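A quick write-up on the structure given underneath.
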Amino acid sequence: MLKLPPPIWTLIYILLSAALSWWLGWPKLPGLPLPPLGIALVAIAFVSPVWAFILFRREDTEIEPTSPTNRKLVTSGPYRFTRNPMYLGLVLLALGIAVWVGAWPMLIAPVAVFATANWVHIPFEEAKMRRQFGAAYDDYVTRVRRWV
């Protein structure tokens, strides 16, 4: 699962959820769709990943999660609030699309994005960061939560 980048997994999960929704006739969840809320979540979803991306470029460190090493441990910007602002953005994006569309099978996508990030990608990255940055990373982990 590490061979494909997390945004590609997000796209796959959204497309599979959409295909299932289509196959089932777009079954609605009571109270959904909520287009304004869905649109707001989609818009908000881009804030922390874009901020993190710009910060990584400014700090001249790798953005690729499977890179063998990182030049710097980034703990500023959105990383003061969450250790995974890019993954958080992907989960919010999938959730926003699901709420916008309103079909209950679409809710599978944000759950799948969260599960893949939380139990596949993040543990790999955390192990790499712990090996590379040691006590500095451990201190960071005690101060900032994995998600929010």
Kirkwood Rh, angstrom, segment 1-88 [1 / mean 1/r, Cα pairs]: 15.5
Extension gain from residue 61 to residue 111, taking 0.36 nm per residue of separation minus the Cα-Cα distance: 15.1 nm
Rounded to the nearest 20 debye, dipole of the chain from Cβ charges on Lys, Arg, Asp, Glu: 180
For the chain, fraction of C-alpha pairs farther apart than 28 Å, in %: 24
Of 31, 140, 48, farthest towards positive along the dipole that unit charges on Lys, Arg, Asp, Glu beta carbons give the chain: 140
Distance from segment 122-137 to segment 5-64 (C-alpha centre basis), Å: 26
Exposure proxy ranking, count of Cβ atoms within 10 Å, fewest first, for 51, 119: 119, 51
Qualifying trypsin sites (Lys or Arg not before Pro) for segment 74-148 [loop in DSSP, other Cβ within 10 Å: at most 16]: 145, 146
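The numbers here are math on the coordinates, done by the rules we state, and not lab data. Fair warning: this is a prediction, and the values are worked out from it, not measured in the lab. Every residue, glycine among them, receives a Cβ derived from its backbone with ideal geometry; neighbour counts consider all protein chains shown.
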